[in-house]
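The values are calculated or read from the model by the stated rules, or taken from the named source; none is laboratory data. This structure is a prediction, so every number in the text was calculated from the model and none was measured. Backbone-built Cβ (ideal geometry, glycine too); neighbour counts: all protein chains shown.
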C-alpha cells in the first residue's frame, strides 16, 4: 500500500478552482408496509429519524432488514447526534448490503471520532476501489473526497500508527472487498420498479467562500421530496462530510425541478436521494 501513499502525497492541489459534481439521483425506496406512505409521509418519517425522534428510530431499527438505505439513514441520524460507534456499525451493515458510499461514511465517521487508524483504512479502501496508482499519479483522483481525507490523516499519523493503519487496510481488503455487492437502486413505487422521475433543471450550489479560502472539499447526501408538479417541496440533508456545506446544498436542491414519468397519475410525488461533491480542481 505504501506506493499509494507516496503517490497521494505527490498529487497536491495546486489551485483553488471551485467545482461540484453530482451522482445520478436515486429514487428512494418507498417500500411495502410497515413504514409510512405516501412520499410525503415517508419524508416526514425520515426527518423524524434525523431529528432524533426515539419512536421513529426504534421503528426504523425494527424494519431495517436487508435494506441498505435504511441502515444508511440510521447511521446518518446517529452521526448527527454524535453516536459515532453506533453509526459506524450501521454504515458497515449498509456497506455489506451494497451501499459503496458507506466506505466514505465509515472513514468520515471514524475521523469525527478521532479514530485515525480506522478512518485511514476505510478512506484508502475507497480510493483503491476507484483509482489505480497510475490514475492517482496522473492527477485523475484530484477532488475525490477519499483522497482528500487520506491527506488529512497523513498529517495526524506517526510512522508506527501508519504501519498499523496499513496493516488494518490490508485486513479489511481481505475481509470486505471480495464480498462487496453491486450498488442498489432505490425505488419510489411499490412494485419495485424505478419511478422514472428525471431532473430537468439542476441549480449548481454556491461553494462556501470560507471553505473555498481554506481549500476544504466535501460531499453531501440529501433526500429530496418531489411534488406532483415536479418541483422540490422539501430537502433534508442526511450526511455532510464537513460542516458548512449543508446550507448551500439545501438551497440549490430546493430550486431543482423534475419531469414525471410518462404514466404519472398527476397526483403523487416521489423521494430521491442525491449526493453532491464539492471539489477543488487544478
Test for residue 131: is it surrounded by fewer than 24 Cβ atoms within 10 Å (Cβ to Cβ), touching a helix residue (DSSP H, G or I) at 6+ places or on another chain (Cβ under 6 Å), closer than 20 Å to residue 278 by Cβ and assigned by TED's automatic domain parsing to the domain that holds residue 65: no
Subset of segment 63-110 (residues that are within 18 Å of residue 148 (Cβ to Cβ) and surrounded by fewer than 22 Cβ atoms within 10 Å (Cβ to Cβ)): 100, 101
Residues of segment 19-54 satisfying the condition of being over 24 Å from residue 250 (Cβ atoms) and at pLDDT below 65: 31, 32, 33, 34
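Here's the yes/no breakdown for (1) part of a strand (DSSP E or B); (2) in contact with a helix residue (DSSP H, G or I) (Cβ under 9 Å, 6 or more places away or on another chain):
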site: 228; (1), (2): no, no
site: 232; (1), (2): yes, yes
site: 235; (1), (2): yes, yes
site: 244; (1), (2): no, yes
site: 250; (1), (2): no, no
Extreme residue, surrounded by the fewest Cβ atoms within 10 Å (Cβ to Cβ), among residues of segment 217-238 that are more than 21 Å from residue 108 (Cβ to Cβ) and within 18 Å of the chain's Cα centre (by Cα): 225
Candidates 145, 178, 183, filtered to the one that is buried (at least 17 other Cβ atoms within 10 Å of the Cβ), within 26 Å of residue 72 (Cβ to Cβ) and modelled with pLDDT under 85: 145
Identity of the residue in segment 127-146, without any contact (Cβ under 8 Å) to a residue 24 or more places away in the chain and in a helix (DSSP H, G or I), that ends up nearest to the chain's Cα centre (by Cα): 130
Residue 225 more than 16 Å from residue 204 (Cα to Cα) and in contact with a strand residue (DSSP E or B) (Cβ under 8 Å, 6 or more places away or on another chain): yes
Residue identified as in contact (Cβ under 8 Å) with a residue 40 or more places away in the chain and either more than 19 Å from residue 238 (Cα to Cα) or assigned by TED's automatic domain parsing to the domain that holds residue 165 (or both) among 82, 120, 46: 120
Search result, residues across segment 226-243 that are at pLDDT 90 or above and over 16 Å from residue 77 (Cα atoms): 231, 232, 233, 234
Some residue of segment 213-220 being more than 21 Å from residue 258 (Cα to Cα), assigned to a helix (DSSP H, G or I), modelled with pLDDT of 80 or more and out of contact with any strand residue (DSSP E or B) (no Cβ under 9 Å at 6 or more places or on another chain): yes
Any hit, segment 139-153, residues being out of contact with any helix residue (DSSP H, G or I) (no Cβ under 7 Å at 6 or more places or on another chain) and closer than 21 Å to residue 171 by Cα: no
Unique residue being farther than 25 Å from residue 70 by Cβ, within 18 Å of the chain's Cα centre (by Cα) and assigned to a helix (DSSP H, G or I) when the list is 149, 103: 149
Single unsatisfied condition, residue 57 versus (1) over 19 Å from the mean Cα position of the chain (by Cα); (2) at pLDDT below 90: (2)
